[in-house]
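The values are calculated or read from the model by the stated rules, or taken from the named source; none is laboratory data. Just so it is clear, the structure is predicted and the values come from calculations on it, not from any experiment. Cβ: placed from backbone, ideal geometry, glycine included. Neighbour counts: every protein chain shown. In case anyone asks, the SASA skips ligands and DNA or RNA and just uses the protein heavy atoms, side chains included. Shrake-Rupley method; radii C 1.70, N 1.55, O 1.52, S 1.80 Å.
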Amino acid sequence: MLEEKVEGLTEQIAEASGSAERKSLRKARSALEQPLNQIREDFLPRLNRYKQQKACFGDRNSYSKTDPDA
């Protein structure tokens, strides 16, 4: 959904005729790209790491780095 909005704004920028209009569209796109990049670069890798850790400790509350599956 967020990616679609960014792509839509990119298309609007390409179609815009005035520089002021393009500038305002780029500003709106930038405001959406920042959280999108944070999700891609920070949250998703962290979520994958958490899933791997949860699979390692199973029904326990935590695990040690010395566990054989770690």
Legend entry - Top positive-direction residue, dipole computed over the chain with Cβ charges, set 12, 47, 1: 47
Inset, instruction - Would you be so kind as to identify all helices of the chain, as entire DSSP H runs, whose Cα atoms reach 18 Å or more along the helix's own axis and whose mean Kyte-Doolittle hydropathy is at least -1.0? - result: 2-15
Legend entry - Solvent-accessible area per residue, Å², over the chain with all protein chains present [probe radius 1.4 Å]: 84
Legend entry - Selection of chymotrypsin sites (Phe, Trp or Tyr not before Pro), the chain, meeting DSSP coil and at most 11 other Cβ within 10 Å: none
Inset, instruction - At q = 0.28 Å⁻¹, what is the base-10 log of I(q)/I(0) for the chain according to the Debye formula with one equal point scatterer per Cα and no solvent? Please give it to two decimals. - result: -1.13
Inset, instruction - Evaluate the relative contact order of the chain (contact order divided by residue number), counting alpha-carbon pairs under 8 angstrom at least 6 apart; express in whole percent. - result: 24
Inset, instruction - With a 1.4 Å probe and every protein chain kept in, tell me what percent of the accessible surface of the chain is carbon plus sulfur. - result: 49
Legend entry - Cβ-defined net charge surrounding residue 20, 12 Å radius [Lys, Arg +1; Asp, Glu -1]: +3
Inset, instruction - With only Lys, Arg, Asp and Glu charged, each at its Cβ (+1 for the first two, -1 for the last two), find how big the charge dipole of the chain is about the Cα centre; round to the nearest 20 debye. - result: 280
